[in-house]
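In what follows, a single structure is set out as structure tokens and then discussed.
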Amino acid sequence: MIRDGDTGASVLYDLTRDPGEKLDAAEAHPELARTFKALIAAWRRAQLDYYENPVRQSREYPPVFRE
């Protein structure tokens, strides 16, 4: 899955069947697309929290992603 950070749009590719990334597979795999979107959103929130928190930066590196 690739997410556009500016627009929030995303596409899901099946690299085994579509190594050239031509076909968005999200419609064919909606549950997988939802799962990946949620994981990317959680990762992004974790990154923002880490880089906006100097105390946390002084205690841990690299940032730890906790689901």
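The values are calculated or read from the model by the stated rules, or taken from the named source; none is laboratory data. All figures in this text were calculated on a predicted structure; none of them were measured in a lab. For neighbour counting, all protein chains shown are included, and Cβ atoms are generated from backbone atoms with ideal geometry for every residue, glycine included. The area values use the complete protein model at the heavy-atom level, side chains included, leaving out ligands, DNA and RNA. Shrake-Rupley method; radii C 1.70, N 1.55, O 1.52, S 1.80 Å.
Is it true that some residue in the range 11-20 is in contact with a Phe, Trp or Tyr (Cβ under 9 Å, 6 or more places away or on another chain), open to solvent by 60 Å² or more (accessible area, probe 1.4 Å) and either assigned to a loop (DSSP other than H, G, I, E, B) or touching a residue at least 24 places away in the same chain (Cβ under 8 Å) (or both)? Yes; the residues of the range 11-20 include at least one that is in contact with a Phe, Trp or Tyr (Cβ under 9 Å, 6 or more places away or on another chain), open to solvent by 60 Å² or more (accessible area, probe 1.4 Å) and either assigned to a loop (DSSP other than H, G, I, E, B) or touching a residue at least 24 places away in the same chain (Cβ under 8 Å) (or both). Lys37 satisfies every condition listed in (1) of a type in the set (D, E, K, R); (2) in a loop (DSSP other than H, G, I, E, B); (3) touching a strand residue (DSSP E or B) at 6+ places or on another chain (Cβ under 7 Å) except (2). Residues in the range 44-67 that are open to solvent by 80 Å² or more (accessible area, probe 1.4 Å) and either within 16 Å of Ala9 (Cα to Cα) or of a type in the set (Gly, Ala, Ser) (or both): Arg44, Ser58. So, in the range 12-57, of the ones that are at pLDDT 95 or above and of a type in the set (S, T, N, Q), which residue ends up farthest from Ile2 (Cα to Cα)? Step by step, filter the range 12-57, then rank; the result is Thr16.
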